[in-house]
Amino acid sequence: MLCEAGANGVREFIQTHLSRDCKAVCKLAAPDTTALCTKAAKLAEAISADLEACLSQVIRGKGDHDDLLDMWAGCILKWTGFPEPTSARNKVNVEPEDFLGTVSVATSYESLLLFVAHHVHMLVNQQSTASHLELANCQLVLPVANESIESIETEDSGASLTGFTEFSPNSDIAKSPAVFHLVVANTEIVTDLGDYDEAVLRLAMRTKVLYSTQHNRRFAWGLTVCCRNIRAYDFGGNGAWSSSDMDIASASGRQTFISLLVNWSLCSVDRLGFDLSIRYAFDNDSSRPYFEIDVHEKNASTGEVASRTYFSNRCVGVAAASLTGRHARYFAASDSFETMRNPTVMIKDVWMPMTSEDCSDEALDGRSILDALHTAFGSNSEFGSKFPQLVSTGPVYLCRGDEFVEDTTATVLAGLPIDANRATTAAASSSNSHGIAGRQHTRTVMKWAGDTISAADNPSQVVIAIADAMTALSAVHKKCNIVHGNISDRAILFQMTADRVKGALAGFDYATYANGSARAADRDLPELTMFQSIRSLENAAAPCSPLEDWESLLYLVIFLGTHGINDEQRREFFRQLPRDLPIMEWISDNEHRVARHKRDCMDSVGSFDSYIRALMSDGPLCNLA
């Protein structure tokens, strides 16, 4: 079942951020070079022609049911609405509409993917022999056997996954194994036009899962299949876009979809939505995945871009579980494979709003705030160890031919209509659109200061870490006149030393000077609405005050005392409690709704006792002295 609070926020996102019938959507998958685009177009034409020939053969009753191509073509033919010969249907006269059950459409959809993959494999093998194509630049797009992927289970039977495998001359053309980091797109299948909106909703919800589990996801593809019409979707940091219908009942519609699949097969992996500078790899000894993460640094005088590779076997805290926003991810890392289990740095990968006229001069960037803190307190003072120490920060770069270009939303979503981006045009009509013109992909390396408190396994660790963070926060207010602006379970770190637990305060992305103008309101949604002050939720432009940090800290304690201190306890919380509790609405994509429900819970002693203290009385913090 979909969480209703989360589903409501996604519905609003679809209403305000989804732009439909964008011709440029499928073009995002175009290969990098003109020559490769031409080869992809010819390949798609050849595959389309062979499909039409196979369909014609099946229509004439000359198809071989023991031949894979004819078997796939038979499934596709049923989907198109053209009836097979009676003999091919075991002499049972079934009308074509009877084949449009969800399972049948899913089988036909998978058959089309397999048909195209077979031909890509065959034709690329032929062309690579003639040195026309590099096998290393190709991948096979296949349906995924997703029965074992628990994180996307729902009660409907119309969910599918489309993934890819690395190309090899001897690749098997069959469903690919359930390897989640190789999933290209979620696919939602319905057979009733009245269910289409719910299919788009489920697709968006599953895409949030994709962002939170694929830690090198830059943007996300998705597909909906409604009866015989397929639509492709792009979900990016500023919004979402969908293509027009690709009608499987027509030859032109089939060729358009085949062209998309061929482009996915021949394009660079970054056009599938992945970040080439964060690579999944596997430890042969443990058979567990890890990440190779490149951090770039540009020489100001020569313009040359150098990179340094770090190694990480885990992402810290909750990662990028939203459709828009920063998509922040934190990696515990080291500069060598051998030492990555004992991290020496934390790497923050984030899509920050680009500087615009709307941004306040009082806003502080990540480098300046950490520099200011260590100038104020010194690395050896009482407070020096309570803040992460900066190692490096800067843009992420993409290699385009012989040059490096900065990775931005304009780079990711090149060609999409800017006026369709509701994050720039609908700010006045949408409470969760903030006039953000674009985002810059940045990567910050800090000396290791500990895990987020969500990794704690007992409440005492959490309380000690919060106490240390409170001490640091008070000092920041008094000595630097800086408001943190981002207090949450991600902003407080804890580290076990030989003799005690130590806490640290991090996450200064939204820091600003007290009583200055608020920073342009780019927020992690939906998580951080749980911790935002009521005033900042109701008016993002309101001047910041240290009281807002303390209010956020109160919400953090409430969150830990009700939802749980770690992911295991939080899953149990969501499993057991009814969805209509007011506190559930604190996790929403709509700031004004969250503010209203916080007032309902906090405006009086009676409401606080009923809605908050009653939940906390049996929570994980209730037995602490």
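Read-outs: derived from the displayed coordinates by stated rules, not from any lab. Everything numeric in this text was worked out from a predicted model, so none of it was measured. Heads up, the Cβs are rebuilt from the backbone with ideal geometry, glycines too, and the neighbour counts pull from every protein chain shown.
General observations
- Model label sites at Ala251 and Val557, defined 7 Å from Cα along the beta-carbon direction, differ in position by 7.3 nm.
- Over 26 Å between alpha carbons, listed pairs Lys386/Lys479; Lys27/Lys62; Lys27/Lys298; Lys27/Lys208: Lys27/Lys62; Lys27/Lys298
- Fraction in percent of alpha-carbon pairs per bin - 10 Å, the range 248-345: 13, 29, 29, 18, 9, 2
- Positive contributions from Lys and Arg (+1) and negative ones from Asp and Glu (-1), summed over other residues with Cβ under 10 Å from the Cβ of Leu223, come out at 0.
- Radius 15 Å from Cβ of Asp285, net charge of other residues (Lys, Arg +1; Asp, Glu -1): 0
- A Förster radius of 35 Å combined with the Cβ-Cβ distance from Asp603 to Ala467 puts the calculated FRET efficiency at roughly 0.80.
- Centre-to-centre, using Cα atoms only, the range 466-506 and the range 274-300 are separated by 29 Å.
- Across the range 203-299, the relative contact order, built from alpha-carbon pairs under 8 Å that are at least six residues apart, equals 20 percent.
- Paramagnetic reach from Ser104 in the range 234-276 [backbone N under 14 Å; point 7 Å along Cα→Cβ]: none
- Taking Lys and Arg as +1 and Asp and Glu as -1, the other residues whose beta-carbon sits under 14 Å from that of Gln214 total +3.
- Taking amide H as placed 1.01 Å from N in the peptide plane, Asp451 has its amide H under 5 Å from the amide H of Phe494, each at least 5 places away in sequence or on another chain.
- Protection proxy ranking, peptides 181-194, 105-118, average beta carbon neighbours within 10 Å, highest first: 105-118, 181-194
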